[in-house]
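Undergrad: Shown below is the structure under consideration.
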Amino acid sequence: MPLPPKVKAGCGAATLFLAGALTGVVAMFILLILLIPRIEGWKKDDSKDFLADHLAKKLNLTEEQKIKLRPGFNHYLNERWNLRAGYLKSDREILEKYLSTVEPELTPAQQEKAKIIKKRWWDGKKTMVRE
């Protein structure tokens, strides 16, 4: 029994929508995989170059301006990274204090889970504190 034309059209539209959504998701993941490590490279020269080039493009800087302004931009990035590293260290201390105060109220299983949560959180952040 052949399918009615409306059903075929509906399946075609759904397939087209699904293909577009899937393509968008894949493109977003690729963008994030390529962009985030370059932006959050933390003190790597290629990360500094990427950010400086991005800013220069947005401001339409000339080559002379790029050369003249680059030392100040590098200083800004270093200050920014120091500020973020200090924040993360303080955040870690506060989290550890909090967990030590609530630990007596937790069951042994909850205490282990809290340790895992803290470790996973810090594993994701500790590369930003590299000195």
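The values are calculated or read from the model by the stated rules, or taken from the named source; none is laboratory data. Every value quoted in this text rests on a predicted model; they were computed, and no experiment measured them. As a convention, Cβ positions derive from the backbone with ideal geometry for all residues, glycine included, and neighbour counts pool all protein chains shown. All accessible areas refer to the heavy atoms of the entire protein, side chains included, with ligands and DNA or RNA removed. Shrake-Rupley method; radii C 1.70, N 1.55, O 1.52, S 1.80 Å.
Undergrad: Along each of the three principal axes of the Cα atoms of the chain, give the extent in whole Å, ordering the values from largest to smallest.
TA: Dimensions of the chain along the principal axes of its Cα atoms: 69, 63, 17 Å.
Undergrad: Sticking with this structure for a sec: Starting from the residue with the highest accessible area, list TRP81, TRP121 in decreasing order, probe 1.4 Å.
TA: TRP121, TRP81
Undergrad: What size of dipole, in debye to the nearest 20, comes out for the range 1-119 about its Cα centre when the only charges are +1 on Lys and Arg C-beta atoms and -1 on Asp and Glu C-beta atoms?
TA: So the magnitude is around 260 debye.
Undergrad: Expressed in nm to one decimal, what extension gain is obtained for the pair VAL25 and THR127 from 0.36 nm per residue of sequence separation less their Cα-Cα distance?
TA: Gain on stretching VAL25 to THR127: 34.0 nm.
Undergrad: So, R0 is 22 Å and r is the distance between the beta-carbons of ASP45 and LYS66; what FRET efficiency does that work out to, to 0.05?
TA: Efficiency computed from Cβ-Cβ geometry: 0.90.
Undergrad: Could you please report the charge total around LEU99, scoring K, R as +1 and D, E as -1 over all other residues with beta-carbon less than 14 angstrom from its beta-carbon?
TA: Result for the local shell: +1.
Undergrad: Based on the Cβ-Cβ distance from ASP91 to LYS57, what FRET efficiency comes out when R0 is 22 Å, to the nearest 0.05?
TA: Using R0 = 22 Å, I get an efficiency of 0.10.
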